[in-house]
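**Q** Can you read through this structure? Questions will come right after.
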Amino acid sequence: MDTLESFYGKQHSEVPTDPYEFLVWWHCGYPASEERCSKGWQSVSSKIGIAPKQLLRAKTATLAGALKAGGMVPALRAARLKEIAGRVQDDFAGDLRSALARLTALQARKTLKTFPGIGTPGADRILLFGRLSPIAAIPSSCPHVLVRVTHGAESDKYTATYAAAQSMLEALSATFNPRIRGYLLINRHGHELCKRTKPACARCPLESDCAFARRTSKKP
């Protein structure tokens with residue numbers, strides 16, 4: 001992590017960290033990316049508001065219109081935002097974070113995975129960045145990064161790759177700051193150089209210590 005931070009600099013995230021706000025932000029863009037989700041988030045925030053009652057009061061067509069700033073299928077995303085807002089308002093008294101804080105990490109993860117579009121990586125990210133549990137979260141699109149460095153190649157099965165990467169990141173101190181730092185650095189590296197296809201090994205600061213780079217360099 002020190003090598004990656006020396007190369008990329010300290011990483012920061014502008015993504016909402018409150019669990020409910022992250023769920024809203026995540027559906028503000030499609031295909032989901034930080035840029036698209038942030039554009040949709042800004043549009044919905046300024047035109048409607050993101051509190052559960054504000055989203056529930058808004059007409060679906062009005063909400064879909066605000067979501068167009070974030071990309072494709074705005075009507076579908078509007079329906080999902082209303083579903084999320086309704087559940088948070090009805091099942092969690094409008095305060096998802098407080099409800100999650102009363103659960104164990106496993107219970108909180110299970111609860112988060114009942115929301116649309118949230119799997120294990122998303123739930124783990126919410127728990128980590130929301131400072132509810134210092135779980136070793138791995139970016140959903142970059143579980144291959146740590147596995148390549150250590151083992152040379154990721155598994156064909158996503159769940160196995162994610163579990164292996166999570167096991168490696170658990171070597172970091174089980175506290176929030178080191179694991180948030182690790183998540184952000186892995187995310188940056190996986191999107192910039194260690195891409196899933198056509199990784200730029202020759203430019204990678206970890207090349208000399210990377211099993212994947214060594215294996216690739218030996219190919220004829």
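**Q** Is it true that some residue in the range 73-81 is over 29 Å from residue 184 (Cα atoms), part of a helix (DSSP H, G or I), open to solvent by 30 Å² or more (accessible area, probe 1.4 Å) and small (Gly, Ala, Ser)?
**A** yes
**Q** OK, next. I'd like to check something: does the range 13-21 contain any residue that is at pLDDT below 95 and open to solvent by 30 Å² or more (accessible area, probe 1.4 Å)?
**A** Applying the first criterion (at pLDDT below 95) to the range 13-21 yields 13-14.
After this cut, where a residue has to be open to solvent by 30 Å² or more (accessible area, probe 1.4 Å) as well, the list is 13-14.
Within the range 13-21 (the criterion being at pLDDT below 95 and open to solvent by 30 Å² or more (accessible area, probe 1.4 Å)), the answer is yes, since at least one residue qualifies.
**Q** With the condition kept exactly as written, say whether any residue in the range 102-111 is free of Cβ contacts under 8 Å to residues at least 12 places away in the same chain, charged (D, E, K, R), outside any helix (DSSP H, G or I) and within 30 Å of residue 135 (Cα to Cα).
**A** Yes, the range 102-111 contains at least one residue that is free of Cβ contacts under 8 Å to residues at least 12 places away in the same chain, charged (D, E, K, R), outside any helix (DSSP H, G or I) and within 30 Å of residue 135 (Cα to Cα).
**Q** Residue 131: of a type in the set (D, E, K, R), in a loop (DSSP other than H, G, I, E, B) and within 21 Å of residue 41 (Cβ to Cβ), yes or no?
**A** yes
**Q** Can I ask one more? Are any residues in the range 156-169 crowded, with 16+ Cβ neighbours inside 10 Å and among the polar types (S, T, N, Q), and if so, which ones?
**A** 161, 166
**Q** Taking residue 153 as the residue in question, decide whether it is more than 23 Å from residue 106 (Cβ to Cβ), without any contact (Cβ under 8 Å) to a residue 24 or more places away in the chain and open to solvent by 30 Å² or more (accessible area, probe 1.4 Å).
**A** Here the answer is no, as residue 153 does not meet what is asked.
**Q** If you scan the range 78-128, which residues turn out to be among the acidic types (Asp, Glu) and either over 19 Å from the mean Cα position of the chain (by Cα) or closer than 23 Å to residue 43 by Cα (or both)?
**A** 83, 90, 91, 95
**Q** Is the range 78-100 home to any residue that is in contact with a helix residue (DSSP H, G or I) (Cβ under 7 Å, 6 or more places away or on another chain), farther than 23 Å from residue 48 by Cβ and of a type outside the set (Phe, Trp, Tyr)?
**A** Within the range 78-100 (the criterion being in contact with a helix residue (DSSP H, G or I) (Cβ under 7 Å, 6 or more places away or on another chain), farther than 23 Å from residue 48 by Cβ and of a type outside the set (Phe, Trp, Tyr)), the answer is yes, since at least one residue qualifies.
**Q** Every residue in the range 32-55 that is modelled with pLDDT under 95 and either outside any helix (DSSP H, G or I) or buried (at least 22 other Cβ atoms within 10 Å of the Cβ) (or both), please.
**A** Answer for the range 32-55, where residues must be modelled with pLDDT under 95 and either outside any helix (DSSP H, G or I) or buried (at least 22 other Cβ atoms within 10 Å of the Cβ) (or both): 32, 33.
**Q** If a residue has to be open to solvent by less than 40 Å² (accessible area, probe 1.4 Å) and not hydroxyl-bearing (Ser, Thr, Tyr) to count, how many in the range 106-122 make the cut?
**A** So the answer is 8.
**Q** Still on this structure: Answer yes or no as to whether residue 155 is more than 30 Å from residue 98 (Cα to Cα) and under 21 Å from the mean Cα position of the chain (by Cα). Please lay out each step first, then the result.
**A** Numbers: more than 30 Å from residue 98 (Cα to Cα): yes; under 21 Å from the mean Cα position of the chain (by Cα): yes.
Answer is yes for this residue.
**Q** Give the residue that is surrounded by the most Cβ atoms within 10 Å (Cβ to Cβ), with candidates limited to residues of the range 170-184 that are part of a helix (DSSP H, G or I) and in contact with a Lys or Arg (Cβ under 9 Å, 6 or more places away or on another chain).
**A** My answer is 183.
The values are calculated or read from the model by the stated rules, or taken from the named source; none is laboratory data. Computed from a predicted model, the values in this text were never measured in an experiment. Positions of Cβ are generated from backbone atoms using ideal geometry, with glycine treated the same way; all protein chains shown enter the neighbour counts. The accessibility values were calculated without ligands, DNA or RNA, using every heavy atom of the protein model including side chains. Shrake-Rupley method; radii C 1.70, N 1.55, O 1.52, S 1.80 Å.
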